[in-house]
Structures are given as structure tokens and as C-alpha cells.
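Asker: Below you'll find the structure I mean.
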Amino acid sequence: MPVYNIYGNHELESSGNSMRIVTPLLTNDKKVVWGTASGKIGDGSIGYYYADREGFRIVGIDTNYSYNPLKGVWEHNYADSYGAPSGNTAVNSLGPDQLVWLEDVLTDAAKKGLPCIIIGHDSMAGQFRSTSPDAAVVRQIYEKVNNIRKGTVLISIN
């Protein structure tokens, strides 16, 4: 049976846990398309993906990015850490690269007539304590692709 997991805020906190180790454990489906340029898992530093299964597209998003204002870059939570690096802002984000990827993946699904099930850690509803700062943008993407084809985004589970 295929299994699809996503990053939460605890996956990297145990000693020795790094994205290189944890990312390959997110799914046992060898046909997933990772958010890398090649679509392959690569070095494991990208933990978001999609898989087309039995007429559905399953999309796993990663809300463990934050912005480092001192370096001017978006970062993923570090190995051996709980939560974002100290001093970072926009904690629990997808970050700009993943937002572009998400819109592309969902638009492609809409054009192919594939209903999508999106799984992520932080809420996109905008009504809970653990809401991603990207929630409003993500909901706009959902609306946009549902306007291309009604029912493209069936559910977003967080």
C-alpha cells in the first residue's frame, strides 16, 4: 500500500535527523515526482512532492520554511532542531519556490482533469493557531485552479 507523509515541525528534532535521512522516508511510492528540477529525490533537501494514483493527484507540501532576514534567504528547518532557526520570520511557510511549484502542479492537474488531495502540516484555512503565513496565497491558488476545472482541489488536509 502506498504511504504519503509530510514534514511537520518535529521530524528533524531528533539527534542525527537531517533532510537527507528523513525525506526518503516520507513515501514508499517510487513514482512520486519531487519538487526538484529533475523531479527526482536528489539529495533530499526538497521535501515536497506529488503522485498520480488511480485518477487522483496526491500533493505533499512542506511548511517548514522561514525567511532569514540577516542572510536574505529562505531556509528549511535545520537538522537536530525543533522549529525554525532563531530570528527567522515567516515561520511555517512554503516559501516562494514551493508556492510557484504548487501552482504549477495544481494547474497541470486541472488541465489533466485530476482531482487533488493536498496534505501539509500547518493550516491553510487561516482560522487556527498553527496557520501558515502563506495560507491566503495558497487559498488563492486553490481558487484559481478550481476556476480552471471545478473540483481540482478536493481537500487540503493539515
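Asker: Helix 135-148 against the longest principal axis of the chain: what's the angle in degrees, Cα atoms only, rounded to the nearest 10?
Answerer: Rounded to the nearest ten degrees, it is 20.
Asker: Rounded to the nearest 500 deg cm²/dmol, what is the calculated helix-only ellipticity per residue at 222 nm for the chain, with -39500 (n - 2.57) per DSSP H run of length n ≥ 4?
Answerer: When only DSSP H runs of four or more count, the value is -7000 deg cm²/dmol.
Asker: Any idea what diffusion coefficient the chain gets from Stokes-Einstein, in µm²/s, Kirkwood Rh on alpha carbon pairs, 20 °C, 1.002 mPa s?
Answerer: Here the translational diffusion coefficient equals 135 µm²/s.
Asker: Using only alpha carbon pairs under 8 Å that are at least six residues apart, calculate the relative contact order of the chain and give it in whole percent.
Answerer: Normalised by residue count, the contact order of the chain is 22 percent.
Asker: Assuming 0.36 nm per residue, please report the length gained on full extension of the stretch Val100 to Ser81 beyond their Cα-Cα distance.
Answerer: So the chain would gain 4.2 nm between Val100 and Ser81.
Asker: Right, next: For the chain, which longest stretch is free of loop sites, where a loop site is one of the trypsin sites (Lys or Arg not before Pro) that DSSP puts outside H, G, I, E and B and that has at most 12 other Cβ atoms within 10 Å?
Answerer: Value returned for the longest uninterrupted segment is 72-128.
Asker: Taking the Cα centre of the chain as origin, sum charge times position over the Cβ atoms of Lys and Arg (+1) and Asp and Glu (-1), and report the length of that vector in debye to the nearest 20.
Answerer: 500
Asker: Next question, about the same structure. Before I look further, what does the chain give for accessible area per residue, probe 1.4 Å, in whole square angstrom?
Answerer: 53
Asker: Quick check: residue separation of Ser130 and Met1 times 0.36 nm, minus the Cα distance between them. What number comes out in nm?
Answerer: Gain on extension, Ser130 to Met1, equals 43.4 nm.
Asker: In the range 24-133, which GluC sites (Glu not before Pro) fall in coil by DSSP and have 10 or fewer other Cβ atoms within 10 Å?
Answerer: Glu54
The values are calculated or read from the model by the stated rules, or taken from the named source; none is laboratory data. Just so we're clear, the structure is a prediction, and the values are computed from it rather than from any experiment. All Cβ positions, even for glycine, are placed from backbone atoms using ideal geometry, and neighbour counts span all protein chains on display. Remember, those area values only see protein heavy atoms, side chains included, never the ligands or the DNA or RNA. Shrake-Rupley method; radii C 1.70, N 1.55, O 1.52, S 1.80 Å.
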